[in-house]
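Encoded as structure tokens, the structure appears first; notes follow it.
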Amino acid sequence: MARDPIDPVELVALGAAGVTVVGGLGAAVAFARDSSPQLQGGLLGVAFLAFALALGLWAVRAMPGGTAVEEREPLASAPADRRAAVAGFERGERVLGRRGVLISMLGLGAATIGGALLVPIRALGPNPGRKLLRTPWRRGRRLVTDDGRPIRPEDLAVDGVLTVFPEGDQSPGDAQTLLIRLPDGVDRPRAGRQGWSVQGCVAYSKVCTHAGCPVGLYEADSRRLVCPCHQSLFEVTDGARPSFGPATRSLPQLPLGLDEDGHLVARGDFSDPVGPGWWGLSS
Ligand code: FES
């Protein structure tokens, strides 16, 4: 059986589908190798363009076109028409068989692009699990300055403030804490937090609950902490409750105690997760 001459347009469509596969795979490999975003985006763009070209050519050439008219009379086809129909069907079978390769290639191109688009999900990083809910503070861990010096309550003047860290982990991360010594009788601890201060010393997370800036300014006159980023104010004598600005959540409090040498230690982790308020919490 003689084969139809190969249609050059179909060849172009087939080639474009091949370029789609190469472009999609290239984008995935470029992402895996940490190549530049320009290269990743360029390859993905080439894949999309080639896919569009292949689909367009396939639609123009492979899909039936023109106007179809169904004659009502005569109802029975003439023998010559039937022979012509059979011949046309057989010819169509051959054409469809060849176009099956093109359709498969288009399907492969679509799957490749889909796979390339899924690969960047890896960029979301590892599942943090419960790490975001905990800090290095543990029961019995000493409070130390950034140079590792442990602290006694009397080292701090009344209305003095000091940034402290868990001993052995002085990196300024989620554990950075403000230690403030309040005058006697001004602190109004939250229910269940009686005994969390030692000789007027209270400790709150230094990470702002609005957007995570370090809450580094303490106004001794009003006993407020000020976040310099968007001016949220936190009432230190009232559980570091936000009283102004965009922050809606109190700064988490660290329960304090003393070790046998009279140094300040934590009696556990913070009262709440530290940092921005995307936890859906309010307190
Ligand atoms: S980060 Fe503190 S107020 Fe915005």
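The values are calculated or read from the model by the stated rules, or taken from the named source; none is laboratory data. It should be emphasised that the depicted structure is a prediction, and the values quoted were computed from it without experimental measurement. Neighbour counts run over all protein chains shown; Cβ positions are idealised from the backbone, glycine included.
Remarks
- Among strands (runs of 3 or more DSSP E) entirely within the stretch 198-249, having at least 2 residues that are more than 13 Å from the ligand (Cβ to nearest atom) singles out 201-205, 217-219.
- K206 fulfils the conditions (1) surrounded by fewer than 16 Cβ atoms within 10 Å (Cβ to Cβ); (2) modelled with pLDDT of 95 or more except for a single criterion, (1).
- Residue satisfying condition, being closer than 30 Å to G257 by Cα and surrounded by 11 or more Cβ atoms within 10 Å (Cβ to Cβ), within set I113, I151, I103: I151
- Once the stretch 176-197 is narrowed to residues that are of a type outside the set (S, T, N, Q) and not in a loop (DSSP other than H, G, I, E, B), the residue that is farthest from A157 (Cα to Cα) is L178.
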